[in-house]
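The values are calculated or read from the model by the stated rules, or taken from the named source; none is laboratory data. Quantities reported herein were computed from a predicted structural model and do not represent experimental measurements. A quick note on method: Cβ atoms are made from the backbone with ideal geometry, for glycine too, and the neighbour counts reach across all protein chains shown. Note: accessible area is taken over every heavy atom of the protein model, side chains too, but ligands, DNA and RNA are not part of it. Shrake-Rupley method; radii C 1.70, N 1.55, O 1.52, S 1.80 Å.
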Amino acid sequence: ELDRALKFAPDNPKVLDHKAAMLCDQGRMDEGIALFERLVAEYGDPTGTHAGNCARAHSLRGMPADLARALELFAVASAKAPAEPSWRDLAGLCLLHQGRFEEALVKFDEAIALAAHDPQSASISHSNAGGLRLRLGRHAAAADHFRAALRADPTDRLARVSLAQAEAGLRRNGPA
């Protein structure tokens, strides 16, 4: 269907966005990112969707220059869609991969604040914040985040396992 849509509307940004995502899903990251970058540069992006999707593709490739570009694009997407928590959460993951832990926590906390009425996004952001706090040895705060993730999504097995790890750390080391 994508090929058919491209025949009828070869310059439709929505169709091109789907094609770029498909290329990335197929492991053709260079082609997908180039198309996303073209969308950002040439087609306007009033909702930040193209910038956010381009950022996500860069972050998946994970090279230092890609992470830096992803952070630039997540900032654009966040500015254009200020109520969207996922761009901040994904920016937090980029910062985490760069070793910028405190900045990552700020982004996760921003995402959590925005996700108050979106249980799935709240669960993801709480799990990411809890995972980083657990990694930093902040067991009590990590446990609080994992509990919040489970309130948002009681079926989240990773949050349940991570909560057990945080609680074990609390028993061993006390609240850090």
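A few comments on the model shown:
- Among the residues of the range 18-51, those that are modelled with pLDDT under 90 and either buried (at least 16 other Cβ atoms within 10 Å of the Cβ) or of a type in the set (Lys, Arg) (or both) comprise His18, Lys19, Asp45.
- Selection within the range 65-79 - under 13 Å from Leu93 (Cα atoms) and open to solvent by 40 Å² or more (accessible area, probe 1.4 Å): Ala68
- Hits in the range 151-161 (condition: within 19 Å of the chain's Cα centre (by Cα) and either open to solvent by less than 50 Å² (accessible area, probe 1.4 Å) or more than 24 Å from Glu102 (Cα to Cα) (or both)): Ala152, Asp153, Asp156, Ala159
- Residue within the range 146-154 that is among the basic types (Lys, Arg) and part of a helix (DSSP H, G or I) present: yes
- Selected residue [free of Cβ contacts under 8 Å to residues at least 40 places away in the same chain, closer than 14 Å to Ala51 by Cβ and either more than 12 Å from the chain's Cα centre (by Cα) or open to solvent by 70 Å² or more (accessible area, probe 1.4 Å) (or both)] from Pro119, Pro82: Pro82
- Test: residue in the range 97-105 that is of a type in the set (A, V, I, L, M) and open to solvent by 10 Å² or more (accessible area, probe 1.4 Å): no
- From His139, His145, residue being touching a helix residue (DSSP H, G or I) at 6+ places or on another chain (Cβ under 6 Å), without any contact (Cβ under 8 Å) to a residue 40 or more places away in the chain and more than 20 Å from Leu90 (Cα to Cα): His139
- Pro10 satisfies every condition listed in (1) open to solvent by less than 60 Å² (accessible area, probe 1.4 Å); (2) over 17 Å from Arg69 (Cα atoms) except (1).
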